[in-house]
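A short write-up of the structure that comes next.
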Amino acid sequence: MERPIVTDPLPPVPPSRRIAEVHARRVWDSRGRPTVEVEVATAAGARGRAIAPAGASTGSGEAVDLRDGGAAFGGLDVRQAISGIETAIAPALIGRDVEAQAALDATMVALDGTHDRSRLGGNALVATSMAIAHAAAAAAGRPLWAWLADRSGSGVPAMLPLPEIQVFGGGAHAGGRLDLQDFMVVAVGADDWRTALDWTAEVYRAAGRLLAEAGRLQGVADEGGFWPAFDDNEQALAMLTQSIEAAGLRPGEDVAISLDIAASNFGRGGRYRMARADGRPRELESGELAELLLGWLRRYPVVSIEDPLAEDDLAGLAAFTEAAGPRVQVVLDDAVVTNAARIRSHAAAGAGNTALIKPNQAGTLTESLAALEASRSLGWDAIVSARSGETEDTTIVHLAVGWGVRQLKVGSFARSERMAKWNEGLRIGETLVEGFALPPRSAFPWG
Ligand code: 2PG
Ligand code: MG
């Protein structure tokens, strides 16, 4: 007689970890645009909440947000993304184990079914993915950074990351007033998070005063950096260096410069149309733009440069990385879009040495972590980054600390969607074994 096949049922998920509710609501971001907030709750009442950010200078390979189109809010409404969470994502997650982040993210990716997350929306996925992590941490009674650190197995001690903070905004964040997008400072000489913020606050004040005195201040750009009315990109670099000095700090020693050229915004096919290359509109070849940037690296205390050439200019990125040398951090954003496979192929080509990690470019935390692990396995460094459209959500600070990422880029030292992140670091530092200590200077290419 045949014996009946008995399969063990999966053990029931305890109420403390069983997802009982996934609720989406429409909220507003720092540009006054609609965005997606998700709340996840377990049967025992642990809750997590997160909000999707939004980019303005996006890479072509990013997960795309689902936006409604039409007349309302410039076509940027997110009602379809919200309804997709309620009708498709929530039913697939309810009853599941909130701790199973990778499996839950995989379910969302499979439900979406597109290569660019365009059916359910990268905005729907990232808000849900981050809310799951918050709910899991809450269910375990742990702060999110500690929950992530417990499970990351990276062996890297949980530490606050070195901040990259914008002082001037240009490019797509300031009506194209300057070609370059982010003129940032990095407190390379600071031993701890509080000192890094103190120094940056002084540089930011000095920059505002110097700009106003020069009659070049036009308000603030999208990320809270000053919107400077310069005739030439290099004038901004010179004034940023002066601002560090005016704050009583040593350029390059205490505080150095980091640039996001965001060259995909003005270049394609190896040709770059700059409005203010040296005060006038000019079209540059890839090699000419590289020369211009290398000249700035020689003349100013620049330690890090992001997207120096466009995302489609792999040969140019590789040539620039080689020419800049190992002491310069060459960060790729638009070209690798938080994607493990793209990071691998760029590393193989010798293009770049550091990956920007933006969870909403990938769509889920699991894919973001895969991108981070790929960069680590290749000997690249990584920077967790916010977007130009942000909110009070502080998840990325916890990701940087919990995943052991040594740098964090959030935008400027003004406006609450930015300050919420810097201030969250002040809270987290009080609870870390390492306190407010930053990674040692020797950990970085400029060390
Ligand atoms: C970038 C980001 C942040 P956006 O290019 O790195 O500065 O901008 O979010 O608009 O892509
Ligand atoms: Mg960028």
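The values are calculated or read from the model by the stated rules, or taken from the named source; none is laboratory data. Keep in mind the model is a prediction, meaning the values are calculated, not measured. Glycine gets a Cβ as well: all are built from the backbone with ideal geometry, and neighbour counts include every protein chain shown. Accessible surface is based on the protein model in full, side chains and every heavy atom, while ligands, DNA and RNA are left aside. Shrake-Rupley method; radii C 1.70, N 1.55, O 1.52, S 1.80 Å.
Odds and ends about this structure:
- Those residues of the stretch 171-228 which are of a type outside the set (A, V, I, L, M, F, W, C), within 16 Å of ligand 2 (Cβ to nearest atom) and in a helix (DSSP H, G or I), in sequence order: GLY171, HIS173
- Residue within the stretch 408-425 that is part of a loop (DSSP other than H, G, I, E, B), within 27 Å of ARG298 (Cβ to Cβ), open to solvent by 10 Å² or more (accessible area, probe 1.4 Å) and modelled with pLDDT of 95 or more present: no
- Picking from residues in the stretch 44-92 that are away from ligand 1 (no atom under 16 Å from the Cβ), open to solvent by less than 30 Å² (accessible area, probe 1.4 Å) and not in a helix (DSSP H, G or I), the one that is farthest from THR107 (Cα to Cα) is ASP77.
- Residues in the stretch 93-137 that are among the small types (Gly, Ala, Ser) and assigned to a loop (DSSP other than H, G, I, E, B) were compared, and the one that is least open to solvent (accessible area, probe 1.4 Å) is GLY121.
- Scanning the stretch 163-188 for residues that are in contact with a Lys or Arg (Cβ under 7 Å, 6 or more places away or on another chain) and more than 16 Å from ligand 1 (Cβ to nearest atom) yields one hit, VAL188.
- Boolean, GLU311 is within 16 Å of ligand 1 (Cβ to nearest atom), touching a residue at least 12 places away in the same chain (Cβ under 8 Å) and open to solvent by 10 Å² or more (accessible area, probe 1.4 Å): yes
- Within the stretch 269-296, restricting attention to residues that are acidic (Asp, Glu) and not in a helix (DSSP H, G or I), the residue that is surrounded by the fewest Cβ atoms within 10 Å (Cβ to Cβ) is ASP278.
- Within the stretch 318-331, one or more residues are within 11 Å of ligand 2 (Cβ to nearest atom), buried (at least 24 other Cβ atoms within 10 Å of the Cβ) and either under 27 Å from ALA238 (Cβ atoms) or charged (D, E, K, R) (or both).
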